[in-house]
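Below is one structure, written out as structure tokens; the observations come after it.
The values are calculated or read from the model by the stated rules, or taken from the named source; none is laboratory data. It should be emphasised that the depicted structure is a prediction, and the values quoted were computed from it without experimental measurement. In this analysis, Cβ positions are derived from the backbone assuming ideal geometry, glycine residues included, and neighbour counts consider all displayed protein chains. These accessible areas exclude ligands, DNA and RNA; they are computed on the full protein's heavy atoms, side chains included. Shrake-Rupley method; radii C 1.70, N 1.55, O 1.52, S 1.80 Å.
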Amino acid sequence: NAFWHYLSIGVKENRPPRLVPEDRLHLDWFTFPRRSQFRKHRPGHPYAVVAHVYHREIWPDLRRHLDSVRGFCDFLIPVVSSRDSLADHTFLADLRLQSPTATVFLVPNHGRDILSFVMLANFGVLDRYKAVCKVHTKRSPHLPDGEEWRRHLVESILPSAARTRDLLFRFISDPRAGIVVGD
């Protein structure tokens, strides 16, 4: 519940309440990626990483962890659009230079880091992979150890190239395994 979340956390973080004009209360589906945008997407690897980018300042740290799977995973990178189309264009261009084989696309700021993942699943894009890793540029400023927690969660599933491969192959070889998360 967004209202409860604001009262329990947002107020403590001194976040101002956002009033949404009545004409903006509906989701503008025209701003969401379309299924047709992904029809040409063909896996280059049997595994994928969906790296949702909201907090752009955290991207360099997350990218460093993603380097451990470069070469055996495809990258799908939904980026939350900002209110500045020039900043969006510049950031997307930089991402595409850093990861020229990645599928990079803008998404509206709806559904936190989950909606873009659900869209990819619903479009059937993720069906083409044996395993999918989902990460995002998490921030938890309401927690005193939020930054430490973020690093721990990412390092638990993307530690180093050798350890990440070992973790992945142990995961896919265990038919009982469905998900791997940090402790």
Checklist entry - Taking the stated definitions as given, is residue 134 surrounded by 13 or more Cβ atoms within 10 Å (Cβ to Cβ), at pLDDT 90 or above and either assigned to a helix (DSSP H, G or I) or touching a helix residue (DSSP H, G or I) at 6+ places or on another chain (Cβ under 7 Å) (or both)? => result yes
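Residue-by-condition table, conditions (1) under 25 Å from residue 15 (Cα atoms); (2) in contact with a strand residue (DSSP E or B) (Cβ under 6 Å, 6 or more places away or on another chain); (3) open to solvent by less than 20 Å² (accessible area, probe 1.4 Å):
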position: 82; (1), (2), (3): yes, no, no
position: 97; (1), (2), (3): no, no, no
position: 104; (1), (2), (3): no, yes, yes
position: 112; (1), (2), (3): yes, no, no
position: 117; (1), (2), (3): no, yes, no
position: 125; (1), (2), (3): no, no, yes
position: 128; (1), (2), (3): no, no, no
position: 145; (1), (2), (3): yes, no, no
position: 152; (1), (2), (3): no, no, no
Item to check | Verdict on residue 164 being within 18 Å of residue 48 (Cβ to Cβ), polar (S, T, N, Q) and assigned to a helix (DSSP H, G or I) | outcome: yes
Item to check | Which listed residue, of 143, 120, 153, is in contact with a Phe, Trp or Tyr (Cβ under 9 Å, 6 or more places away or on another chain), among the hydrophobic types (A, V, I, L, M, F, W, C) and part of a helix (DSSP H, G or I) | outcome: 120
Checklist entry - Which residues, counting only those in region 167-183, are of a type in the set (A, V, I, L, M, F, W, C) and in a helix (DSSP H, G or I)? => result 167, 168, 169, 171, 172
Checklist entry - Applying the selection to region 38-88, what residues are in a strand (DSSP E or B) and under 11 Å from the mean Cα position of the chain (by Cα)? => result 49, 50, 51, 52, 53, 75, 76, 77, 78, 79, 80
Item to check | Number of the condition not met by residue 35 [criteria: (1) open to solvent by less than 20 Å² (accessible area, probe 1.4 Å); (2) more than 15 Å from the chain's Cα centre (by Cα)] | outcome: (1)
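Residue-by-condition table, conditions (1) among the hydroxyl-bearing types (Ser, Thr, Tyr); (2) in contact (Cβ under 8 Å) with a residue 12 or more places away in the chain; (3) surrounded by 21 or more Cβ atoms within 10 Å (Cβ to Cβ):
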site	(1), (2), (3)
49	no, yes, yes
63	no, yes, no
68	yes, yes, no
75	no, yes, yes
78	no, yes, yes
86	no, no, no
90	yes, no, no
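One line per residue, one yes/no per condition, for (1) in contact (Cβ under 8 Å) with a residue 12 or more places away in the chain; (2) not basic (Lys, Arg):
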{"residue": "128", "(1), (2)": "yes, no"}
{"residue": "134", "(1), (2)": "yes, no"}
{"residue": "137", "(1), (2)": "yes, yes"}
{"residue": "161", "(1), (2)": "yes, yes"}
{"residue": "169", "(1), (2)": "no, yes"}
{"residue": "179", "(1), (2)": "no, yes"}
